[in-house]
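Reading through the structure tokens given below for one structure.
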Amino acid sequence: MSAAPTNPFRVLDVRLVVFDLDGTLLDSLDDIAESVNSVRTDWNLPPLAGEQVMAGIGRGARHLVAQTIPEPIASGVIDLEALYAHFHAVYKRRSLERPRLYPGAREFLAALAPHCTLAVLTNKPREITEPLLERIAIARSFARVVTPENARGRKPDPGGLVDLLRDLCIAPRQSLLVGDSINDFAAGRGAGVFSIGMRCGYYQPGEPDPDLWVDDFAGLLELWNDARRAKEIASGIAKP
């Protein structure tokens, strides 16, 4: 019989929970895919399926553009920076039209907020990230929002997470990283932070895996409530 998965909220003194954005808090695949295909249409290229676009998500928009709209770059008609600027303008507008949190995300943030510091660590540019967080009314949940503009490196580089821990004076063993991709998990591992993977996101098979998988925010909330209940029992507030 395999051991039960570790509940990090039980075994760690969690003071900080850091969230990825796309594929973790935000269900943004449709908006990203529509933006990619809008640019491809502008270049008389056929559209890509959502799964093809998803494979390019996780390492920033320039990587996404290079992966999903490589034809005009390869032909020498336009360079990556100019094509990225084209995509950025399209996605900046589209990202605010109908942003969607994953089910249960808002409730989980509300449950944690009185007890933990919350932060965002994303490869999405700040000028898109901050309006998005405001648009879906969760910006005030986070003490810090780390984007490529104020990080030492993009995930999977752990530099942004390491600096966040240092700035908040919180130890890695008191922190959790919630993400959906190998870039998130590699950043967490590099910073010595326990990582939780969201199966509902855009994970592509590969190494490393997170320390723990959950299906969705309902699963995360169950872990949190289990730990809170255990602490209440230990302190005599609740009965077993």
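Details
- Residue within the range 54-73 that is modelled with pLDDT of 95 or more, among the small types (Gly, Ala, Ser) and part of a loop (DSSP other than H, G, I, E, B) present: no
- Among the helices (runs of 4 or more DSSP H) confined to the range 148-240, there are none with at least 2 residues that are assigned by TED's automatic domain parsing to the domain that holds Ala61, touching a strand residue (DSSP E or B) at 6+ places or on another chain (Cβ under 9 Å) and within 17 Å of Leu109 (Cα to Cα).
- Residue match in the range 31-40 (condition: buried (at least 17 other Cβ atoms within 10 Å of the Cβ), within 19 Å of Lys124 (Cα to Cα) and of a type in the set (Lys, Arg)): no
- Taking the criterion of being surrounded by fewer than 16 Cβ atoms within 10 Å (Cβ to Cβ) and farther than 27 Å from Asp13 by Cα, the residues of the range 108-132 that qualify are Arg126, Glu127, Glu130, Pro131.
- Residues in the range 31-76 that are touching a residue at least 24 places away in the same chain (Cβ under 8 Å), at negative phi and out of contact with any Leu (no Cβ under 8 Å at 6 or more places or on another chain): Asp31, Glu34, Ser35, Ser38, Asp42, Trp43, Leu45, Ala55, Arg59, Ala61, Leu64.
- Some residue of the range 54-63 being buried (at least 21 other Cβ atoms within 10 Å of the Cβ), touching an Asp or Glu at 6+ places or on another chain (Cβ under 7 Å) and among the aliphatic types (A, V, I, L, M): yes
- Residues (surrounded by fewer than 16 Cβ atoms within 10 Å (Cβ to Cβ), in contact with a helix residue (DSSP H, G or I) (Cβ under 8 Å, 6 or more places away or on another chain) and within 27 Å of Asp180 (Cα to Cα)) located in the range 67-80: Leu80
- Some residue of the range 206-219 being surrounded by 21 or more Cβ atoms within 10 Å (Cβ to Cβ) and in contact with a helix residue (DSSP H, G or I) (Cβ under 8 Å, 6 or more places away or on another chain): yes
- The set of residues from the range 154-171 being exposed (fewer than 15 other Cβ atoms within 10 Å of the Cβ) and over 23 Å from Pro114 (Cβ atoms) comprises just one member, Arg166.
The values are calculated or read from the model by the stated rules, or taken from the named source; none is laboratory data. What you are looking at is a predicted structure, and each value in this text was computed from that prediction instead of being measured. Heads up, the Cβs are rebuilt from the backbone with ideal geometry, glycines too, and the neighbour counts pull from every protein chain shown.
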